[in-house]
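Student: Got a structure for you, written out below as structure tokens; questions coming shortly.
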Amino acid sequence: MYAPHPGYPPPPYMMLQQPPPYYHSGYKRRSGCGSCCRCFCCFICCLLVLLMILGILLAYLYMIYDPKIPTYKVEGMEVKALDIQPDFSVNSELLITVKAENPNKKIGFIYGTDSSVMVSYSDTTLCSGNLPSFHQEHRNTTLIQVNLKGKANLGQGLQQTLMENQKDKKIPLAVHVKVPVRIQLGSLRLKELTVVVTCSLVVDNVLPNAPISIVSSDTSVKFRM
Ligand SMILES: *[C@@H]1O[C@H](CO)[C@@H](O)[C@H](O)[C@H]1NC(C)=O
């Protein structure tokens, strides 16, 4: 009597009673996917788990550091000199005060040396200068004074417009600041970014050594990698 042993193949006459496995519906598709499919699924799962861990980590860091964008404001302006020459060129010297406020509890900023500050009138740069390099600790407000000097050529038309603005007591100026900044998290210093601040101001006059009021100001801050 024949008793099939679990480890051995059945004798040939028994095999004939069953259709060969590849006639079985669905068998072919499963074999086409096989180990490749499993490998891919595994990869996707790992990726999802990694992304989830990364997300949780970022959320955690965000919660701990609670990052906030620092604010900058032109607080004051003083015209030390502004001479319009007969050839419509203008020599100017301005002193502007910028208020930099870091509202972060755990993040500091290190402002680098390679900065530029420019004041322009109707797209013509009047004068330029640099910010001092400094380290702003967390929760700190610093007033920065910047001395700007320059010579520009306004041309007849622009000079006339400036005179009219002066009469109306509404002179639109733009202050452009570009400064490299490193973000400090505890003792960790991150990669250097460039902060670009554009401040559109309207002042009531640009007469040398006269008090100047800032009628309105509008500031935008952008970070560039
Ligand atoms: C803010 O930081 C500046 C520059 O580091 C420093 O001179 C000033 O004393 C700080 N202000 C406060 C209130 O800590």
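The values are calculated or read from the model by the stated rules, or taken from the named source; none is laboratory data. Quick caveat: nothing in here was measured; it's all calculated off a predicted structure. Ideal geometry is used to build each Cβ from the backbone, glycine not excepted, and the neighbour counts take in all protein chains shown.
Student: Tell me which strands (runs of 3 or more DSSP E) are completely within the stretch 129-203 and hold 1 or more residues being more than 29 Å from Ile110 (Cβ to Cβ), or say none if there are none.
Tutor: By residue number, 140-153, 171-185, 188-203.
Student: Looking at (1) within 16 Å of Met77 (Cα to Cα); (2) away from the ligand (no atom under 13 Å from the Cβ), which is the only condition Leu158 fails?
Tutor: (1)
Student: Here are Leu143, Leu131: which of them is surrounded by fewer than 15 Cβ atoms within 10 Å (Cβ to Cβ) and either under 17 Å from Cys199 (Cβ atoms) or small (Gly, Ala, Ser) (or both)?
Tutor: Exactly one of Leu143, Leu131 is surrounded by fewer than 15 Cβ atoms within 10 Å (Cβ to Cβ) and either under 17 Å from Cys199 (Cβ atoms) or small (Gly, Ala, Ser) (or both), namely Leu143.
Student: What single numbered condition from (1) over 19 Å from Met77 (Cα atoms); (2) away from the ligand (no atom under 16 Å from the Cβ); (3) among the hydroxyl-bearing types (Ser, Thr, Tyr) fails to hold for Ser216?
Tutor: (1)
Student: If you go through the stretch 104-116 one residue at a time, do you hit one that is touching a strand residue (DSSP E or B) at 6+ places or on another chain (Cβ under 8 Å), aliphatic (A, V, I, L, M) and closer than 21 Å to Gly76 by Cα?
Tutor: no
Student: Would you be able to tell me the number of residues in the stretch 122-148 that are in contact with an Asp or Glu (Cβ under 9 Å, 6 or more places away or on another chain) and more than 9 Å from the ligand (Cβ to nearest atom)?
Tutor: 6
One line per residue, one yes/no per condition, for (1) more than 19 Å from the chain's Cα centre (by Cα); (2) in the same structural domain as Thr97 (by TED's automatic domain parsing); (3) at pLDDT below 90; (4) loosely packed, with under 11 Cβ neighbours inside 10 Å:
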{"site": "Lys178", "(1), (2), (3), (4)": "no, yes, no, no"}
{"site": "Leu185", "(1), (2), (3), (4)": "no, yes, yes, no"}
{"site": "Leu188", "(1), (2), (3), (4)": "no, yes, yes, yes"}
{"site": "Lys191", "(1), (2), (3), (4)": "no, yes, yes, yes"}
{"site": "Val196", "(1), (2), (3), (4)": "no, yes, no, no"}
{"site": "Val203", "(1), (2), (3), (4)": "yes, yes, no, no"}
{"site": "Asn209", "(1), (2), (3), (4)": "yes, yes, yes, yes"}
{"site": "Val215", "(1), (2), (3), (4)": "yes, yes, no, no"}
{"site": "Ser220", "(1), (2), (3), (4)": "no, yes, no, yes"}
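Student: Yes or no: Lys151 more than 15 Å from the ligand (Cβ to nearest atom), in the same structural domain as Pro211 (by TED's automatic domain parsing) and among the charged types (D, E, K, R)?
Tutor: yes
Student: If you go through the stretch 162-172 one residue at a time, do you hit one that is touching a strand residue (DSSP E or B) at 6+ places or on another chain (Cβ under 9 Å), without any contact (Cβ under 8 Å) to a residue 24 or more places away in the chain and surrounded by 14 or more Cβ atoms within 10 Å (Cβ to Cβ)?
Tutor: The answer is yes, given that some residue of the stretch 162-172 is touching a strand residue (DSSP E or B) at 6+ places or on another chain (Cβ under 9 Å), without any contact (Cβ under 8 Å) to a residue 24 or more places away in the chain and surrounded by 14 or more Cβ atoms within 10 Å (Cβ to Cβ).
Student: While we're here: So, Leu148, is that one among the aliphatic types (A, V, I, L, M) and surrounded by fewer than 18 Cβ atoms within 10 Å (Cβ to Cβ) or not?
Tutor: When the stated conditions are applied, Leu148 does not pass them.
Student: Which numbered condition trips up Asn165, out of (1) under 30 Å from Lys68 (Cβ atoms); (2) touching a Pro at 6+ places or on another chain (Cβ under 8 Å); (3) more than 16 Å from the ligand (Cβ to nearest atom)?
Tutor: Looking at each condition in turn, Asn165 falls short on (1).
Student: Could you say which residue among Val117, Val90 is away from the ligand (no atom under 16 Å from the Cβ), within 18 Å of Val179 (Cα to Cα), β-branched (Val, Ile, Thr) and not in a loop (DSSP other than H, G, I, E, B)?
Tutor: Just one listed residue meets the conditions, Val117.
Student: Here are Val195, Val98, Val179: which of them is within 15 Å of the ligand (Cβ to nearest atom) and out of contact with any Ser or Thr (no Cβ under 8 Å at 6 or more places or on another chain)?
Tutor: Just a single option satisfies the conditions, and that option is Val98.
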